[in-house]
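Asks: Shown below is the structure under consideration.
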Amino acid sequence: MISLLIKNAYLLTMQGKGSGFIKKGAIAVHGDRIVDVGISEELEAKWEARKIIDATGKVVMPGLIDAHIHTGMGLYRGVAQDIKDWLQKGVGPYFNHITGEEAAAGSMLNILEGAKSGTTTFCDYDYPMTRIVENHHRIGVRARIASTVNELPADLHRIKVGEVYPLDESSGRKKLKEAQKLMEEWHGKGNGRITCILGPQGADMLSQTLLLEMKELAETYDTKIHMHVAQGDRETDQMMKRFGMRTIDYLESIGYLNERLMAVHLTDASRDEVQLLAEKGASMTHCPGSIGLIDGVVPPVMEFMKAGGLAALGSDQAPGNNCSNMFNEMKSAAVFNKIKAQDPTVMPAEKVLRLATIEGAKAIGLDHEIGSLEKGKKADLIIVNMMEPGLSPVILEPVNNIIPNLVYAARGHEVETSIIDGSVVMENRNVRTVNEEEVVQNAQESAENLSERIKKSC
């Protein structure tokens with residue numbers, strides 16, 4: 001007898017080039033793995049299950065992958081909009097006053113928000129990750145975590161815009177030790193739900209010595225490097241003043257461009273640089289909502305994919321993007337790139353959905369476990385109610401409107417059930433592992449205390 005059988009679903013398996021749609025599909029789960037996928041009638045006859053979910057009128061699909069998020073910035077949602085120099089003027093004061101406990105409170109809020117809107121895997125890239133990782137473990141999501149390493153001074157927000165910021169070697173060493181401790185203590189925990197990778201914050205924020213040391217560690221641990229790359233004119237200005245080279249050329253000169261690199265943003269990358277990055281095997285994470293809001297730019301994800309590169313989507317951070325909702329990112333990616341190209345055919349809905357599922361899984365190096373619904377993979381999936389007014393009616397012929405409506409109309413609240421590693425984390429919109437009211441209240445109180453300290457310091 002298996003653990004779970006979900007039947008009568010509009011099934012999106014994401015196998016093959018398309019979405020792998022099955023009109024009346026079923027999925028069989030035992031323990032943490034998918035054991036069968038196919039037609040409902042056939043699986044019902046084949047399997048007995050302890051729990052059966054009738055998904056009539058609902059989509060069953062792989063859980064969404066947020067390939068780049070800073071959950072620890074959750075307390076200062078909305079503080080960096082509609083301004084220039086958002087990092088120093090908007091985020092800087094909060095970043096330099098927040099405690100580890102407060103960062104953890106904001107992180108839990110962001111993870112809860114993402115989980116309730118269909119995200120099952122978070123590539124969290126933050127500090128202090130030794131505190132934040134406990135939230136991922138507790139709530140029961142899958143996390144690909146990196147403890148941010150930089151050599152930035154504590155008073156970054158006081159440095160004049162355009163001035164070369166000094167690097168603090170002792171700060172970088174301390175953060176690298178914490179990243180190694182995280183790797184040793186957490187990699188593989190939670191039945192493999194928690195995996196650790198390395199996270200240098202950016203080429204402009206670390207010395208070459210520390211960058212090369214982290215490259216060697218990635219090879220030793222046989223893991224990936226999650227890193228901001230060419231994330232804007234601020235970074236390019238710093239790189240030119242410090243090294244006399246643009247970021248991607250600099251990274252190529254020190255051997256960083258390869259399949260280990262998960263390059264985030266590429267906001268200021270040229271066409272030739274994008275081509276080089278794709279050719280070298282690095283992946284790209286596209287964060288359209290955040291970069292659109294804080295920079296007014298659409299990064300070159302289309303050019304990267306045309307060059308053969310693997311791409312994923314990310315929500316980035318709450319002060320820049322205001323939300324941790326991958327349905328928002330899918331719609332933003334499609335719409336912004338259509339506008340940029342002045343072509344409604346680019347970045348179609350099915351492609352965007354693949355970026356948030358199977359292609360995103362490939363980009364972060366977890367496609368052997370997640371990203372599609374197929375026998376042997378981890379049971380990470382969501383159930384979406386297509387009978388919600390905003391997703392109705394469902395039309396299958398002559399045009400199937402399910403995927404366009406998921407990408408262009410869903411807002412996240414339509415996700416009813418979330419199953420991660422075979423465990424039901426959310427059912428009927430109720431998250432089983434944490435008290436939602438307590439999470440929100442804790443974040444509110446923490447944000448008020450943090451803001452009061454900032455106010456007094458001004």
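Asks: Can you pull out the residues in region 88-101 that are in contact with a helix residue (DSSP H, G or I) (Cβ under 7 Å, 6 or more places away or on another chain) and either at pLDDT 90 or above or under 18 Å from H228 (Cβ atoms) (or both)?
Replies: Q88, G90, V91, G92, I98, G100 - these are the residues of region 88-101 that are in contact with a helix residue (DSSP H, G or I) (Cβ under 7 Å, 6 or more places away or on another chain) and either at pLDDT 90 or above or under 18 Å from H228 (Cβ atoms) (or both).
Asks: Does region 200-209 contain any residue that is over 22 Å from I69 (Cα atoms), touching a residue at least 60 places away in the same chain (Cβ under 8 Å) and of a type in the set (S, T, N, Q)?
Replies: Quick first cut of region 200-209, residues over 22 Å from I69 (Cα atoms) only: 207-209.
Restricting the remaining residues to those that are touching a residue at least 60 places away in the same chain (Cβ under 8 Å) gives none.
Scanning region 200-209, I find no residue that is over 22 Å from I69 (Cα atoms), touching a residue at least 60 places away in the same chain (Cβ under 8 Å) and of a type in the set (S, T, N, Q), so the answer is no.
Asks: Please state which of the following conditions I22 fails to meet, knowing it meets all the rest: (1) under 28 Å from A379 (Cβ atoms); (2) of a type outside the set (G, A, S); (3) touching a residue at least 60 places away in the same chain (Cβ under 8 Å).
Replies: (3)
Asks: Ok, one more. Which one of these does G255 not meet: (1) crowded, with 23+ Cβ neighbours inside 10 Å; (2) in contact (Cβ under 8 Å) with a residue 40 or more places away in the chain?
Replies: Here G255 clears every test but (1).
Asks: Please specify each residue of region 29-84 satisfying the condition of being farther than 30 Å from M129 by Cβ and hydroxyl-bearing (S, T, Y).
Replies: If the condition is that a residue be farther than 30 Å from M129 by Cβ and hydroxyl-bearing (S, T, Y), then S40, T56 are the ones that fit.
Asks: Moving on to the next point. What strands (runs of 3 or more DSSP E) completely inside region 25-140 contain at least 2 residues that are in contact (Cβ under 8 Å) with a residue 24 or more places away in the chain, under 18 Å from the mean Cα position of the chain (by Cα) and over 22 Å from L406 (Cβ atoms)? Steps first, please.
Replies: Working: elements: 33-39, 49-54, 58-62, 64-69, 119-126.
Filter on region 25-140 gives 119-126.
Asks: Assess whether R138 counts as being basic (K, R), closer than 22 Å to A103 by Cα and either modelled with pLDDT of 95 or more or touching a strand residue (DSSP E or B) at 6+ places or on another chain (Cβ under 8 Å) (or both).
Replies: On the way: basic (K, R): yes; closer than 22 Å to A103 by Cα: yes; either modelled with pLDDT of 95 or more or touching a strand residue (DSSP E or B) at 6+ places or on another chain (Cβ under 8 Å) (or both): yes.
Considered against the rule, which asks whether it is basic (K, R), closer than 22 Å to A103 by Cα and either modelled with pLDDT of 95 or more or touching a strand residue (DSSP E or B) at 6+ places or on another chain (Cβ under 8 Å) (or both), R138 comes out as yes.
Asks: I would also like to ask the following. Can you tell me which residue in region 213-244 is surrounded by the fewest Cβ atoms within 10 Å (Cβ to Cβ), limited to those that are modelled with pLDDT of 95 or more, part of a loop (DSSP other than H, G, I, E, B) and out of contact with any helix residue (DSSP H, G or I) (no Cβ under 6 Å at 6 or more places or on another chain)?
Replies: So, considering only residues that are modelled with pLDDT of 95 or more, part of a loop (DSSP other than H, G, I, E, B) and out of contact with any helix residue (DSSP H, G or I) (no Cβ under 6 Å at 6 or more places or on another chain), the one surrounded by the fewest Cβ atoms within 10 Å (Cβ to Cβ) is D222.
Asks: For region 302-315, name all the residues that are farther than 16 Å from L261 by Cβ and either of a type in the set (A, V, I, L, M) or buried (at least 22 other Cβ atoms within 10 Å of the Cβ) (or both).
Replies: We begin by selecting, within region 302-315, every residue farther than 16 Å from L261 by Cβ; these are 302-303, 305-306, 313, 315.
Listed by number, the residues that qualify are M302, M305, L313, S315.
Asks: Give the residue, chosen from E374, E369, E350, E388, that is among the acidic types (D, E) and under 25 Å from L261 (Cβ atoms). I'd like the intermediate steps shown before the answer.
Replies: Working: E374 fails: under 25 Å from L261 (Cβ atoms); E350 fails: under 25 Å from L261 (Cβ atoms); E388 fails: under 25 Å from L261 (Cβ atoms).
On inspection, the qualifying residue turns out to be E369.
Asks: As an exercise: evaluate M183 against (1) over 23 Å from H70 (Cβ atoms); (2) outside any loop (DSSP other than H, G, I, E, B) and give the number of the one condition it does not meet.
Replies: Answer for M183: the failing condition is (1).
The values are calculated or read from the model by the stated rules, or taken from the named source; none is laboratory data. Please read all numbers here as calculations on a predicted model, not as lab measurements. All Cβ positions, glycine included, derive from the backbone under ideal geometry; neighbour counts span all protein chains shown.
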